[in-house]
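Quick notes on the structure that follows.
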Amino acid sequence: MATEAKFKDAAESAKAFTKRPSDDELLELYALFKQATVGDNDTAKPGMLDLKGKAKWEAWNGKKGVSKEAAMEAYIELVEKLKAEYA
């Protein structure tokens with residue numbers, strides 16, 4: 001199966017978790033998903049009062065330079081790891 005198809009399957013699996021992963025795990029999933037689908041973060045940093053937006057922005061920004069392919073593979077690995085705990 002191609003990486004892109006595995007990535008889409010992993011994204012669907014992540015939506016179906018029966019328990020909620022930790023905030024750090026969710027931020028990592030978000031950052032890898034955005035890097036895989038959009039690429040490097042070139043959006044403006046959210047304001048200081050938007051704590052959730054700022055955390056998401058910083059997580060995604062931390063993936064700068066990671067190729068889309070590498071981000072997809074890391075996302076797939078993380079979802080597989082989390083499936084054991086949360087699915």
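The values are calculated or read from the model by the stated rules, or taken from the named source; none is laboratory data. Since the structure is predicted, the reported quantities are computational estimates derived from the model, not experimental observations. With ideal geometry, Cβ positions are generated from the backbone for all residues, glycine too; neighbour counts draw on all protein chains shown.
Applying the selection to the range 24-57, what residues are of a type in the set (A, V, I, L, M, F, W, C), surrounded by 13 or more Cβ atoms within 10 Å (Cβ to Cβ) and assigned to a helix (DSSP H, G or I)?
Within the range 24-57, the first condition is being of a type in the set (A, V, I, L, M, F, W, C), and the residues that meet it are 26-27, 29, 31-33, 36, 38, 44, 48-49, 51, 55, 57.
With surrounded by 13 or more Cβ atoms within 10 Å (Cβ to Cβ) added as a condition, the list becomes 26-27, 29, 31-33, 36, 38, 55, 57.
Passing the criteria: Leu26, Leu27, Leu29, Ala31, Leu32, Phe33, Ala36, Ala55, Trp57.
Quick one: count up the residues across the range 49-78 that are in contact with a helix residue (DSSP H, G or I) (Cβ under 7 Å, 6 or more places away or on another chain) and either aromatic (Phe, Trp, Tyr) or modelled with pLDDT under 95 (or both).
To start, the set of residues in the range 49-78 that are in contact with a helix residue (DSSP H, G or I) (Cβ under 7 Å, 6 or more places away or on another chain) comprises 55-56, 59-60, 62-63, 66, 68-69, 71-76, 78.
Those still in the list that are either aromatic (Phe, Trp, Tyr) or modelled with pLDDT under 95 (or both) too: 60, 75.
Number of matching residues: 2.
Among the residues of the range 66-77, are any free of Cβ contacts under 8 Å to residues at least 24 places away in the same chain, surrounded by fewer than 14 Cβ atoms within 10 Å (Cβ to Cβ) and either of a type outside the set (Val, Ile, Thr) or under 21 Å from Phe17 (Cα atoms) (or both)? Step through it out loud before you land on a result.
Going residue by residue through the range 66-77, those that are free of Cβ contacts under 8 Å to residues at least 24 places away in the same chain are 67, 70, 77.
Of the ones still in play, those that are also surrounded by fewer than 14 Cβ atoms within 10 Å (Cβ to Cβ) are 67, 77.
Retained after the next criterion (residues that are either of a type outside the set (Val, Ile, Thr) or under 21 Å from Phe17 (Cα atoms) (or both)): 67, 77.
Among the residues of the range 66-77, at least one is free of Cβ contacts under 8 Å to residues at least 24 places away in the same chain, surrounded by fewer than 14 Cβ atoms within 10 Å (Cβ to Cβ) and either of a type outside the set (Val, Ile, Thr) or under 21 Å from Phe17 (Cα atoms) (or both), which makes the answer yes.
Consider Thr3 carefully, then state whether it is surrounded by 13 or more Cβ atoms within 10 Å (Cβ to Cβ) and not hydrophobic (A, V, I, L, M, F, W, C).
Numbers: surrounded by 13 or more Cβ atoms within 10 Å (Cβ to Cβ): yes; not hydrophobic (A, V, I, L, M, F, W, C): yes.
Criteria met by Thr3.
Give me the residue from the range 6-23 that is part of a helix (DSSP H, G or I) and among the basic types (Lys, Arg) and, out of that set, surrounded by the fewest Cβ atoms within 10 Å (Cβ to Cβ).
Residues of the range 6-23 that are part of a helix (DSSP H, G or I), as a first pass: 6-15, 23.
In the following step, the residues that additionally are among the basic types (Lys, Arg) were identified as 6, 8, 15.
On the way: Lys6: 16, Lys8: 14, Lys15: 7.
Only one residue fits best here, namely Lys15.
What number of residues within the range 25-51 are under 9 Å from the mean Cα position of the chain (by Cα) and among the small types (Gly, Ala, Ser)?
Here is the first cut: in the range 25-51, the residues under 9 Å from the mean Cα position of the chain (by Cα) are 25-36.
If we keep only those that are among the small types (Gly, Ala, Ser) as well, we get 31, 36.
The number of residues fulfilling the criteria is 2.
Between a residue in the range 1-16 that is free of Cβ contacts under 8 Å to residues at least 40 places away in the same chain and over 18 Å from Ala70 (Cβ atoms) and any residue that is of a type in the set (Asp, Glu) and surrounded by fewer than 16 Cβ atoms within 10 Å (Cβ to Cβ), which pairs come within a Cβ distance under 6 Å, given they are 6 or more apart or on different chains?
none
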